[in-house]
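The values are calculated or read from the model by the stated rules, or taken from the named source; none is laboratory data. Keep in mind that this is a model prediction, so the values were computed, not measured. Backbone-built Cβ (ideal geometry, glycine too); neighbour counts: all protein chains shown. When the accessible area is computed, the model is the full protein with side chains, heavy atoms only, and any ligands, DNA or RNA have been set aside. Shrake-Rupley method; radii C 1.70, N 1.55, O 1.52, S 1.80 Å.
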Amino acid sequence: MGFVFGVVVGIVVGLGIIVGFVRCENARAAQRSQLATTIAAFARMTVEDSRKILPPQFYPSWLTWLNSHLTKIWPYVNEAASELIKTSVEPILEQYRPVILDSLKFSKFTLGTVAPQFTGVSIIEDGGDGVTMELEMQWDGNPSIILDIKTLLGVALPVQVKNIGFTGVFRLIFKPLVDEFPGFGAISYSLRQKKKLDFTLKVIGGDISAIPGLYDAIEGAIRDAVEDSITWPVRKVVPILPGDYSDLELKPVGILEVKLVQAKELTNKDIIGKSDPYAVVYIRPLRDRMKKSKTINNDLNPIWNEHFEFIVEDVSTQHLIVKVYDSEGLQSSELIGCAQLGLAELQPGKVKDVWLKLVKDLEIQRDNKNRGQVHLELLYCPFGMENSFTNPFAPNYSMTSLEKVLKNATNGIESNANENAATPKKKEVIIRGVLSVTVISAEDLPATDFLGKSDPFVVLTLKKAETKNKTRVVNDSLNPVWNQTFDFVVEDGLHDMLIVEVWDHDTFGKDYMGRCILTLTRVILEGEYKERFELDGAKSGYLNLHLKWMPQPIFRDA
């Protein structure tokens, strides 16, 4: 964590020195004067106008100039910033100190003699109230960083951080724009994107692998600290002019409700039997913000039906990440595949039902291997929309955002409940009602009999309640028509789901043909709908269903 934080602080200090030096000495160097004029112009003009001042063909020479001067002042930045960085970083490392360690502190910290280099630059429009500059940065540094660690057993070890390689995008935000020198009130800086962060750990005079789990624990602590302290949307605000800049600091802007429904056609990682999949879901990869599902043993088409809630800080740039693993018991789990969805794709207050294709790597997507798909239901609720949702508990009982939407859809009661008030008890919303399902027909079912026909029937199962119904058998048909209606008493619609399976009837048994898995979210929100569903696990086939919801919401103490 320390070396990356040091690079960032060094860059900000260095840029500040460069800008100040240019402005004070602009009469002595035309090139420096041009850069100062450019920065001042950026602070007062639109991006389109700024590109006229600094056209793309000027970027290489400007970056060369910047890298040259950063290299010259780097020894002074290193000397001035090292102690400051050390005292700033140690509390953050302490926050993420692994449980197997009693203490984690720096005994030595310097940034080294190698300055970072900028390899690209871009300007982002900020609605006229600010200017955002993104600089692609590369650093293969030689810092001298030694961590003094003490284990719970009392063993003290000096651990050296070596072979550091870092590539990322460094973001500078000049905001707000003002009419006095230097043209902006504050600078916010952050690591917009980490493309690479490599380093090794070595016990001085020993072998770190002698203590099992120590290497992974320290490496995880460093990466967590980097993520939580300096990686976007976290940002550091440096005031330039007197004023209140609290609005520039990181603040939550909403809540993302995620229902992890199921996955299908997962890659089998086991030699004997099938994978035992579980999913890890997160927006920011911090240990206390990552959610893990239960493990479904021996199943390549697992059904989780689990609900999670996440804090959102920047809808425009953040993504929801899903990683599916094969559990290996006491051994390390093996990644089956991962997927992501930009939060900017979500419409506030509207449930989005989506299937995401799993890939090997989110950054480098080169292979076309089928690793399976994961099914999610998503609802993004920005803060400030609460008044349009319903909370039946006044004034102090809280609900999740999805519960508010569901409750609003069922009875339309309005409330001004205070979501942040402390309460000794929480009420849990139970969406109760009657689900009416009409199995209309099926189309293009796969043939299972020798004569090219099937004798299909449908089994409907309410998963949580374990209630089942089935249709009659339609003989010798690949396009059967049933038009049969079944009613289910649903005790908890928010957490239940309907599984609809199609089977072929045989004299001595039955053959599985395919299934549809439906959460009850849509029918609860819309009240009624009719749709044609593709059968999962079948070569072909569709099922036509009509669903209707008759609500009877109740509430109970959690």
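Residues in segment 38-86 that are at pLDDT below 75 and of a type in the set (F, W, Y): F42, F58, Y59, W62.
Tell me which residues, restricted to segment 336-369, are open to solvent by 60 Å² or more (accessible area, probe 1.4 Å), under 24 Å from I517 (Cα atoms) and touching a residue at least 40 places away in the same chain (Cβ under 8 Å). D353, the sole residue that qualifies.
Of all residues in segment 148-159 being among the aliphatic types (A, V, I, L, M), part of a strand (DSSP E or B) and out of contact with any Leu (no Cβ under 6 Å at 6 or more places or on another chain), which is surrounded by the fewest Cβ atoms within 10 Å (Cβ to Cβ)? Steps first, answer last, please.
Going through segment 148-159, the residues among the aliphatic types (A, V, I, L, M) turn out to be 149, 152-153, 155-157, 159.
Narrowing the set further to residues that are part of a strand (DSSP E or B) leaves 149, 156-157, 159.
This time we only want the ones that are out of contact with any Leu (no Cβ under 6 Å at 6 or more places or on another chain), so: 156-157.
Details: A156: 10, L157: 19.
Taking the candidates together, the pick is A156.
Filtering segment 485-512 to residues that are farther than 30 Å from E309 by Cβ, not polar (S, T, N, Q) and not in a strand (DSSP E or B) leaves only F508. Of everything in segment 56-97 that is in contact (Cβ under 8 Å) with a residue 24 or more places away in the chain and among the polar types (S, T, N, Q), the residue that is most open to solvent (accessible area, probe 1.4 Å) is Q95. Only a single criterion out of (1) farther than 24 Å from I321 by Cβ; (2) touching a Ser or Thr at 6+ places or on another chain (Cβ under 6 Å); (3) hydrophobic (A, V, I, L, M, F, W, C) is not satisfied by I255, namely (1). Out of I240, I272, one residue alone is open to solvent by 10 Å² or more (accessible area, probe 1.4 Å) and without any contact (Cβ under 8 Å) to a residue 12 or more places away in the chain. It is I272.
The residue list I517, I524 contains one member that is within 18 Å of Q552 (Cβ to Cβ), crowded, with 16+ Cβ neighbours inside 10 Å and among the aliphatic types (A, V, I, L, M), which is I524.
Pairs meeting the criteria (first residue in segment 320-335 and closer than 15 Å to L362 by Cβ, second residue among the hydroxyl-bearing types (S, T, Y), beta carbons under 8 Å, at least 6 apart or on different chains) are L320/Y282; I321/Y282; V324/Y278; Y325/Y278; Y325/S333; L335/Y325.
One residue alone among Q262, Q318, Q331 is more than 26 Å from E534 (Cβ to Cβ) and open to solvent by less than 30 Å² (accessible area, probe 1.4 Å), and that residue is Q318. One residue stands out among those in segment 226-255 that are more than 17 Å from the chain's Cα centre (by Cα) and outside any loop (DSSP other than H, G, I, E, B): the one that is farthest from D288 (Cα to Cα), which is P239. Among the conditions (1) of a type in the set (D, E); (2) part of a strand (DSSP E or B); (3) surrounded by 13 or more Cβ atoms within 10 Å (Cβ to Cβ), E219 misses just one, which is (2).
The set of residues in segment 182-206 being assigned to a loop (DSSP other than H, G, I, E, B) and either closer than 28 Å to A217 by Cα or without any contact (Cβ under 8 Å) to a residue 24 or more places away in the chain (or both) consists of I204, G205, G206.
Out of F199, F170, F166, one residue alone is aromatic (F, W, Y) and surrounded by fewer than 19 Cβ atoms within 10 Å (Cβ to Cβ). It is F199. Here the condition is being modelled with pLDDT of 85 or more, of a type in the set (A, V, I, L, M) and either under 19 Å from D198 (Cα atoms) or surrounded by fewer than 19 Cβ atoms within 10 Å (Cβ to Cβ) (or both); of I100, I145, it holds for I145 alone.
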